[in-house]
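Below is one structure, written out as structure tokens, with a few remarks after it.
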Amino acid sequence: MEPAAVQGLAEQLREQVRKAVIGQDDALDLMLVGLFAGGHVLLEGVPGTAKTMLVRAFALTLTLKSSRIQFTPDLMPGDVLGTNLFNFQTNAFSLVKGPIFTQILLADEINRTPPKTQAALLQSMQEREVTIDYVTYELGDGFMVIATQNPIEQQGTYPLPEAQLDRFLFKHLLVYPDRAQELDIVTRHGHQSAMPKLEDLGLSAIAGLDDVAACRRLIGGIRLSPDIVAYIVDLIRATREHAALQYGASPRAANMLAMAARAHAAIAGRDFAIPDDVKRLAAPALRHRVVLAPGAEIEGQNADQIIAQIIEQVAAPR
């Protein structure tokens, strides 16, 4: 497989998703990078910005198995992972698998469930396996979590701990569509109040696990020059030294940003990464991995502003 094939497959997937979702191309591009880089994606946006519809449409373009967990305050870890139940016919315990045994997992409103249940995802997101009653079960390389959360409603929510946020390759902030896109949305879907059925919109599954695996093998070989590696490391280290940040990004963030840059390059049809790949992905890859200093919060600064400053200050290779 060549980078042009990855680029072509990505464009086909975009075309399918756009049959259902108008706008949100930035979110879709990051989900494609996450899919090909083997990373997870957190989508944050106000209600009505098509978070859930976007993920469901994305899953329908793949032949991979998908499932959805609607996170609620009373959800228990066993509801996510599954549990061993006694079978009276065989006089033995057997595992009833939970919805986490899938390939594309939509974790809807992930911040509505308590930390105990949120923690059930930690092992699966990092190691692609789960442990139930001291037995470990593999989830496979195709496992990907795409989570959603609402940033404006605080009652009944539980902020994700830093350890879990660090498992996400990207955190993307969905924005409202522009006027032309909103006109198109109302023209196309304004005849019904409920979410349109995706099955009626003509989406086709055009890629399977073998296609994704082939893309990942190619992306693993995308050239990352020593200058680009140094640039990524310098950006990450600059987050630890910035006065407005109490905590910066970890070495894991550097590795994940490097892999994402490779995937972004391949989707653009190149067999080598350039500084613009890193710059494009820096904010979604780092905004959830840095912690503002108290003084910066009082002054009204946010993570994106500080990351933009760091990108401006750290010299990119020519």
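The values are calculated or read from the model by the stated rules, or taken from the named source; none is laboratory data. From a predicted model like this one, the values you see are computed outputs, not experimental measurements. Virtual Cβ from ideal backbone geometry, glycine too; neighbours counted across all protein chains shown. Ligands, DNA and RNA are stripped out before the accessible areas are found, and what is left, the full protein with its side chains, is counted by its heavy atoms. Shrake-Rupley method; radii C 1.70, N 1.55, O 1.52, S 1.80 Å.
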If we scan segment 75-83, do we find a residue that is part of a loop (DSSP other than H, G, I, E, B) and open to solvent by less than 10 Å² (accessible area, probe 1.4 Å)?
no
Leu139 meets each of (1) in contact with a strand residue (DSSP E or B) (Cβ under 9 Å, 6 or more places away or on another chain); (2) surrounded by 16 or more Cβ atoms within 10 Å (Cβ to Cβ); (3) over 29 Å from Arg289 (Cβ atoms) with one exception, condition (3)
For segment 234-245, the count of residues that are exposed (fewer than 15 other Cβ atoms within 10 Å of the Cβ) and in contact (Cβ under 8 Å) with a residue 12 or more places away in the chain equals 1
Output for Cβ contacts, cut-off 7 Å, separation at least six or different chains, first residue closer than 8 Å to Phe272 by Cα in segment 214-226, second buried (at least 19 other Cβ atoms within 10 Å of the Cβ) and among the charged types (D, E, K, R), reads Ile222/Arg262; Leu224/Arg262
Taking the condition of being outside any loop (DSSP other than H, G, I, E, B) and either among the polar types (S, T, N, Q) or under 21 Å from the mean Cα position of the chain (by Cα) (or both), how many residues in segment 199-216 meet it?
9
Looking at segment 215-234, which of its residues are of a type outside the set (Lys, Arg) and closer than 14 Å to Val33 by Cα?
Cys215, Leu218, Ile219, Gly220, Ile222
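Every residue, every condition in (1) on the phi > 0 side of the Ramachandran plot; (2) in contact with a strand residue (DSSP E or B) (Cβ under 6 Å, 6 or more places away or on another chain); (3) not in a helix (DSSP H, G or I), yes or no:
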{"position": "Glu11", "(1), (2), (3)": "no, no, no"}
{"position": "Arg14", "(1), (2), (3)": "no, no, no"}
{"position": "Val17", "(1), (2), (3)": "no, no, no"}
{"position": "Ala27", "(1), (2), (3)": "no, yes, no"}
{"position": "Met31", "(1), (2), (3)": "no, yes, no"}
{"position": "Leu64", "(1), (2), (3)": "no, yes, yes"}
{"position": "Leu85", "(1), (2), (3)": "no, yes, yes"}
{"position": "Gln89", "(1), (2), (3)": "no, no, yes"}
{"position": "Val96", "(1), (2), (3)": "no, yes, yes"}
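State yes or no: is Leu43 assigned to a strand (DSSP E or B) and either of a type outside the set (A, V, I, L, M) or crowded, with 22+ Cβ neighbours inside 10 Å (or both)? Can you show your working first?
Numbers: assigned to a strand (DSSP E or B): yes; either of a type outside the set (A, V, I, L, M) or crowded, with 22+ Cβ neighbours inside 10 Å (or both): yes.
So Leu43 fits the description; yes.
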Which condition from (1) more than 19 Å from the chain's Cα centre (by Cα); (2) buried (at least 16 other Cβ atoms within 10 Å of the Cβ) is the one that Leu183 breaks?
(2)
What single numbered condition from (1) touching a Lys or Arg at 6+ places or on another chain (Cβ under 7 Å); (2) surrounded by 15 or more Cβ atoms within 10 Å (Cβ to Cβ) fails to hold for Ala207?
(1)
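Only one residue in Ala265, Ala261 is over 17 Å from the mean Cα position of the chain (by Cα) and either among the aliphatic types (A, V, I, L, M) or farther than 26 Å from Pro161 by Cα (or both), so which one is that?
On the way: Ala261 fails: over 17 Å from the mean Cα position of the chain (by Cα).
Every option except Ala265 fails the conditions.
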Considering only segment 215-223, I want to know if a residue exists there that is closer than 30 Å to Ala315 by Cβ, at pLDDT below 90 and open to solvent by 30 Å² or more (accessible area, probe 1.4 Å).
no
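Of the residues that sit in segment 8-33 and are free of Cβ contacts under 8 Å to residues at least 60 places away in the same chain and either under 18 Å from Thr187 (Cα atoms) or of a type in the set (Ser, Thr, Tyr) (or both), which one is most open to solvent (accessible area, probe 1.4 Å)?
Of the residues in segment 8-33, the ones free of Cβ contacts under 8 Å to residues at least 60 places away in the same chain are 8, 11, 14-15, 18, 21, 25, 28.
Filter once more, so that each one left must be either under 18 Å from Thr187 (Cα atoms) or of a type in the set (Ser, Thr, Tyr) (or both): 18, 21.
Numbers: Arg18: 87, Val21: 6 Å².
Among those that are free of Cβ contacts under 8 Å to residues at least 60 places away in the same chain and either under 18 Å from Thr187 (Cα atoms) or of a type in the set (Ser, Thr, Tyr) (or both), it is Arg18.
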From the list Phe71, Phe101, pick out the single residue that is touching a helix residue (DSSP H, G or I) at 6+ places or on another chain (Cβ under 9 Å), open to solvent by less than 40 Å² (accessible area, probe 1.4 Å) and touching a residue at least 40 places away in the same chain (Cβ under 8 Å).
Phe71
Just one of (1) touching a residue at least 12 places away in the same chain (Cβ under 8 Å); (2) touching a Ser or Thr at 6+ places or on another chain (Cβ under 6 Å) trips up Glu129, so point out which.
(1)
Among the residues of segment 122-134, is there at least one that is open to solvent by 60 Å² or more (accessible area, probe 1.4 Å), assigned to a loop (DSSP other than H, G, I, E, B) and among the polar types (S, T, N, Q)?
no
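Taking segment 288-318 on its own, how many of its residues are part of a loop (DSSP other than H, G, I, E, B), open to solvent by less than 40 Å² (accessible area, probe 1.4 Å) and closer than 25 Å to Leu30 by Cα?
The number of residues fulfilling the criteria is 6.
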